[in-house]
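A.B. asks: The following block contains the structure, expressed as structure tokens.
None of the figures in this text is laboratory data; all of them are computed from the coordinates on show. All values reported here derive from a predicted model rather than from experimental measurement. So basically every Cβ, Gly included, is an ideal-geometry build from the backbone, and we count neighbours across all protein chains shown.
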Amino acid sequence: MRGDIKKLIQENHVCVLATVSEGDPHCSLMSYAADEDCREIYMATHKDTKKYRNLAANPSVSLLIDSRETGGKDKKAKTKALTVTGTFQDGMGEQRRMAVRKALLERHPDLNEFFTDSAAEIIVVKVKAVQLLDGITDAYFEKVS
């Protein structure tokens, strides 16, 4: 994965998670963290949410991460938008769940109460492909193995 794509993932804190169930799309604004090489994206939600039910029914997801949060106030600067295509990974062991929860807490200490709630479920998205749009016309696509 290109360095500028990893940097965009690592510098931002919020993404849009798109899920689908029975042909109907659903978007959710999510706080996230990523593993060191940005091949996995971590989030959390409660099991009784529409997004979690959608993930259980259809593990294919899309994430949108953009540079509006880190781009500064220069209106002429090019906004970067990264579309991440991936798959929801279910059924992790307790040791891994604790490690992911720790990564989320380090990245978002203000969400401690939510991430430590016993009803909170960890979402792991395994990245399959990325598409970076830098400005209006400069696009780059990469499959991630």
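A.B. asks: How about segment 1-61: which trypsin sites (Lys or Arg not before Pro) there are in a DSSP loop, with at most 14 other Cβ atoms within 10 Å of their Cβ? It would help to have the intermediate numbers written out before the result.
C.D. replies: On the way: sites: 2, 6, 7, 39, 47, 50, 51, 53; in loops: 2, 39, 47.
Those satisfying the criteria are 2, 47.
A.B. asks: Moving on to the next point. Could you please rank 98, 43, 30, placing first whichever residue has the fewest other Cβ atoms within 10 Å of its Cβ? Please list the in-between numbers first.
C.D. replies: Values: 98 12, 43 22, 30 18.
Ascending number of Cβ neighbours within 10 Å: 98, 30, 43.
A.B. asks: Round to the nearest 10 and give me the degree value, 0 to 90, for the angle of helix 94-107's Cα axis relative to the longest principal axis of the chain.
C.D. replies: Relative to the chain, helix 94-107 is tipped by roughly 40 degrees.
A.B. asks: Toward the positive end of the charge dipole of the chain, about the Cα centre and with charges on Cβ (Lys, Arg +1; Asp, Glu -1), which of 1, 28, 55 goes farthest?
C.D. replies: Checked the options; the winner is 1.
A.B. asks: Using the crude model of +1 on Lys and Arg Cβ and -1 on Asp and Glu Cβ, and no other charge, please compute the dipole size for segment 3-130 relative to its Cα centre, in debye to 20. All intermediate terms of the calculation are to be shown ahead of the outcome.
C.D. replies: Working: 20 positive and 19 negative charges, 90 e Å.
Dipole size: approximately 440 debye.
A.B. asks: What do you get for Rg/Rh of the chain when both radii come from the Cα atoms and Rh is the Kirkwood radius?
C.D. replies: Working: Rg = 15.2 Å, Rh = 15.8 Å.
That ratio equals 0.96.
A.B. asks: Same structure, new question: How much of the DSSP bridge set in the chain is antiparallel, in percent, rounded to the nearest 5? Write down the numbers at each step before the final one.
C.D. replies: On the way: 43 of 43 bridges.
So the antiparallel bridges in the chain amount to around 100 percent.
A.B. asks: Quick check on the chain: helices-only [θ] at 222 nm, where DSSP H runs of length 4 and up contribute -39,500 (n - 2.57) each and the sum goes over total residues. Nearest 500, please. Working shown, then result.
C.D. replies: Values: 4 runs with 35 residues, N = 145.
That calculation yields -6500 deg cm²/dmol at 222 nm.
A.B. asks: Now, a different point. Spin-label point model (7 Å from Cα, Cβ direction): what's the residue 102 to residue 68 distance in nm?
C.D. replies: 3.4
A.B. asks: Ok, one more. Can you tell me how much longer the chain between residue 37 and residue 21 gets when fully stretched, taken as 0.36 nm per residue apart minus their C-alpha distance, in nm with one decimal?
C.D. replies: Values: separation 16, 0.36 × 16 = 5.76 nm, distance 2.95 nm.
Full extension of this stretch gives 2.8 nm more.
A.B. asks: If I take every Cα pair under 8 Å that is 6 or more residues apart in segment 1-128, average their sequence separation and divide by the length, what percent do I get for the relative contact order? Present the calculation step by step, with values, prior to reporting the outcome.
C.D. replies: Numbers: 214 pairs, mean separation 37.5, N = 128.
That works out to 29 percent.
A.B. asks: Measuring from label point to label point, each 7 Å out along Cα→Cβ, what is the residue 50 to residue 4 span in nm?
C.D. replies: Placing both labels 7 Å beyond Cα along the Cβ direction yields 3.5 nm.
A.B. asks: With just the Cα atoms defining each centre, how far is segment 71-145 from segment 15-61? Give it in Å.
C.D. replies: Here the answer is 9 Å between Cα centres.
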